[in-house]
Amino acid sequence: MPLTLYFCSDMKVHRELAGSLPEFRNAVVTIGTFDGVHTGHQQILAQMKEEAARIDGETIIITFHPHPRKIVSSVPGDVKLLNTLSEKKLLLEKAGIDHLVVVPFDHHFANQSADEYVRDFLYKYFRPHTIIIGYDHRFGKGRTGDYHLLEAFGKELGFEVKEITEQLLNEIAVSSTRIRKAISENDIDTANAALGYPYFFEGLVVEGNQLGRTIGYPTANLHIGSEEKLIPGNGVYAVQVEIVNDQPTAQQKLKGMMNIGIRPTIDGKKRVIEVNIFDFDADIYGQQLRVHVLKQLRHEIKFEGLEALKTQLGIDKLQAMSYEA
């Protein structure tokens with residue numbers, strides 16, 4: 001799989017516009033949410049990097065936070081994302097992008113006219129050499145701006161506009177929808193193939209009931225900080241785990257297995273996410289884990305008792321040990 005999430009990179013991340021952006025060198029710009037940074041997106045990133053290399057330029061991705069649908073949608077709570085902002089940053093770093101600009105998206109920004117969006121945002125702050133954009137990209141209040149308007153401004157202001165093909169855009173849209181559906185339905189094989197890397201999420205280790213310890217399978221119970229993050233459906237999974245810290249160097253990946261569900265053999269009430277890290281006994285309460293989901297092993301099942309559960313966990317562990325990222 002092409003992306004591996006441990007590395008050291010010098011991608012610059014910019015969270016403010018006024019007064020904080022550098023003078024970009026021959027800026028090659030694209031705009032989008034890039035949710036998932038999946039194999040379709042990776043083709044756009046490769047196109048950007050090729051163009052930047054040709055003109056001795058810098059690659060710049062403009063994205064928005066919070067997700068625009070949270071601001072303009074009539075049902076803002078309905079947004080479920082493949083990546084949090086920090087996860088997207090990891091993936092774009094690995095892809096070798098020079099700059100990520102995170103634009104605060106609010107009603108004021110959403111209400112710019114299309115002309116204002118080009119003159120007072122894109123041109124003012126980025127002075128682009130090239131903008132790479134889809135033929136169906138819409139921008140500005142009422143979504144009146146399009147590829148042709150950008151082309152007209154490009155002739156006036158002196159930048160090029162290059163089109164992402166309809167075929168690739170359709171592939172990206174299909175992939176994003178397919179990935180979300182696959183993850184929700186526990187089809188990790190399909191999701192990971194379309195992503196180009198194992199799906200992952202992060203969670204804070206919190207105290208649980210410590211029952212797993214009594215049967216030989218201690219678990220780290222995870223609290224997911226983002227309500228928008230799409231979590232796989234209930235089941236048992238083979239995973240690899242990183243303990244996330246502030247060091248930019250490579251983190252060790254530890255094998256393990258994860259259960260998501262209501263634990264019907266024990267209490268069957270509250271949905272939990274718990275990870276058993278193999279051959280590991282350090283105290284990690286209060287630490288952040290990054291969980292890479294490799295394979296669903298089975299659905300969640302109610303067993304006759306703890307001994308039957310323990311026997312099955314032994315089988316699950318043997319299976320999980322055989323999977324690599």
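Go over the candidates G208, G216, G235 one by one and state the one that is at pLDDT below 95 and open to solvent by less than 10 Å² (accessible area, probe 1.4 Å). Let's see the steps before the verdict.
Values: G208 fails: open to solvent by less than 10 Å² (accessible area, probe 1.4 Å); G216 fails: open to solvent by less than 10 Å² (accessible area, probe 1.4 Å).
None of the other options fit; the residue is G235.
If you take the residues of segment 23-59 that are touching a Leu at 6+ places or on another chain (Cβ under 9 Å), β-branched (V, I, T) and more than 21 Å from D146 (Cβ to Cβ), which of them is most open to solvent (accessible area, probe 1.4 Å)?
In this case the residue turns out to be T39.
Looking at (1) among the small types (G, A, S); (2) farther than 27 Å from G235 by Cα; (3) surrounded by 18 or more Cβ atoms within 10 Å (Cβ to Cβ), which one does G158 not meet, given that it meets all the others?
Condition (3) is where G158 drops out.
Looking at the structure I just gave you, is N259 crowded, with 20+ Cβ neighbours inside 10 Å and touching a Pro at 6+ places or on another chain (Cβ under 9 Å)? Explain how you work it out, then say what you get.
Values: crowded, with 20+ Cβ neighbours inside 10 Å: yes; touching a Pro at 6+ places or on another chain (Cβ under 9 Å): no.
Spelling it out, it is not the case that N259 is crowded, with 20+ Cβ neighbours inside 10 Å and touching a Pro at 6+ places or on another chain (Cβ under 9 Å).
So which of E166, E171 is farther than 28 Å from H14 by Cβ, under 24 Å from the mean Cα position of the chain (by Cα), open to solvent by less than 80 Å² (accessible area, probe 1.4 Å) and in contact (Cβ under 8 Å) with a residue 24 or more places away in the chain?
Of the residues listed, the single one that is farther than 28 Å from H14 by Cβ, under 24 Å from the mean Cα position of the chain (by Cα), open to solvent by less than 80 Å² (accessible area, probe 1.4 Å) and in contact (Cβ under 8 Å) with a residue 24 or more places away in the chain is E171.
Give me the helices (runs of 4 or more DSSP H) completely within segment 54-131, filtered to those with at least 3 residues that are in contact with a strand residue (DSSP E or B) (Cβ under 9 Å, 6 or more places away or on another chain), ordered by residue number.
Values: elements: 68-72, 85-94, 107-110.
Helices (runs of 4 or more DSSP H) meeting the threshold: 85-94.
Scanning for something farther than 13 Å from F64 by Cα, at pLDDT below 90 and open to solvent by 30 Å² or more (accessible area, probe 1.4 Å), does segment 122-135 turn up at least one residue?
Yes, segment 122-135 contains at least one residue that is farther than 13 Å from F64 by Cα, at pLDDT below 90 and open to solvent by 30 Å² or more (accessible area, probe 1.4 Å).
Which count do you get for residues in segment 285-312 that are within 27 Å of Q252 (Cα to Cα) and either more than 24 Å from the chain's Cα centre (by Cα) or among the charged types (D, E, K, R) (or both)? Steps first, answer last, please.
Applying the first criterion (within 27 Å of Q252 (Cα to Cα)) to segment 285-312 yields 285-298.
Restricting the remaining residues to those that are either more than 24 Å from the chain's Cα centre (by Cα) or among the charged types (D, E, K, R) (or both) gives 285, 290, 295, 298.
Result for segment 285-312: 4.
How many of the residues in segment 263-280 are at pLDDT 85 or above and farther than 23 Å from E324 by Cβ?
Here the count works out to 2.
One residue is enough: does segment 3-12 have a residue meeting the conditions at pLDDT 90 or above and open to solvent by less than 80 Å² (accessible area, probe 1.4 Å)?
First pass over segment 3-12, keeping only residues at pLDDT 90 or above: 11-12.
Subsequent filtering for residues that are open to solvent by less than 80 Å² (accessible area, probe 1.4 Å) retains 11.
There is at least one residue in segment 3-12 that is at pLDDT 90 or above and open to solvent by less than 80 Å² (accessible area, probe 1.4 Å).
L297 is checked against (1) closer than 25 Å to G225 by Cβ; (2) touching a helix residue (DSSP H, G or I) at 6+ places or on another chain (Cβ under 6 Å) and fails just one. What number does that condition carry?
Among (1) closer than 25 Å to G225 by Cβ; (2) touching a helix residue (DSSP H, G or I) at 6+ places or on another chain (Cβ under 6 Å), the lone unmet condition for L297 is (1).
Filter segment 308-325 down to the residues that are open to solvent by less than 50 Å² (accessible area, probe 1.4 Å) and farther than 19 Å from N221 by Cα and list them by number.
Once the filter is applied, which keeps residues that are open to solvent by less than 50 Å² (accessible area, probe 1.4 Å) and farther than 19 Å from N221 by Cα, segment 308-325 yields A308, Q312, G314.
Take the residues in segment 13-31 that are at pLDDT below 90 and on the phi < 0 side of the Ramachandran plot, then tell me which one is nearest to the chain's Cα centre (by Cα).
So the residue we want is E16.
Given (1) assigned to a helix (DSSP H, G or I); (2) at pLDDT 95 or above; (3) polar (S, T, N, Q), identify the lone condition not met by T311.
The single condition T311 does not satisfy is (2).
Here are some residues: Y199, Y147, Y135. Which one is on the phi < 0 side of the Ramachandran plot and in contact (Cβ under 8 Å) with a residue 40 or more places away in the chain? Explain how you work it out, then say what you get.
On the way: Y147 fails: in contact (Cβ under 8 Å) with a residue 40 or more places away in the chain; Y135 fails: in contact (Cβ under 8 Å) with a residue 40 or more places away in the chain.
Going through Y199, Y147, Y135 in turn, the sole match is Y199.
Within segment 268-307, how many residues turn out to be free of Cβ contacts under 8 Å to residues at least 12 places away in the same chain and either in a strand (DSSP E or B) or open to solvent by less than 60 Å² (accessible area, probe 1.4 Å) (or both)?
Of the residues in that region, 1 qualify.
Quick check on segment 93-118: of everything there that is open to solvent by 20 Å² or more (accessible area, probe 1.4 Å) and aromatic (F, W, Y), which residue is farthest from A152 (Cα to Cα)?
Step by step, filter segment 93-118, then rank; the result is F105.
Applying the selection to segment 22-40, what residues are part of a loop (DSSP other than H, G, I, E, B) and of a type outside the set (V, I, T)?
Answer for segment 22-40, where residues must be part of a loop (DSSP other than H, G, I, E, B) and of a type outside the set (V, I, T): P22, E23, F24, R25, N26, G32, F34, D35, G36, H38.
Residue by residue through segment 140-152, note down the ones that are of a type outside the set (A, V, I, L, M) and open to solvent by less than 10 Å² (accessible area, probe 1.4 Å).
G145 - this is the single residue of segment 140-152 that is of a type outside the set (A, V, I, L, M) and open to solvent by less than 10 Å² (accessible area, probe 1.4 Å).
The values are calculated or read from the model by the stated rules, or taken from the named source; none is laboratory data. Here the structure is a predicted model, which is why all the values come from computation and not from measurement. When we count neighbours, we look across all protein chains shown, and the Cβ atoms used for this are built from the backbone with ideal geometry, even at glycine. These area figures cover heavy atoms from the full protein model, side chains too; ligands, DNA and RNA do not enter into them. Shrake-Rupley method; radii C 1.70, N 1.55, O 1.52, S 1.80 Å.
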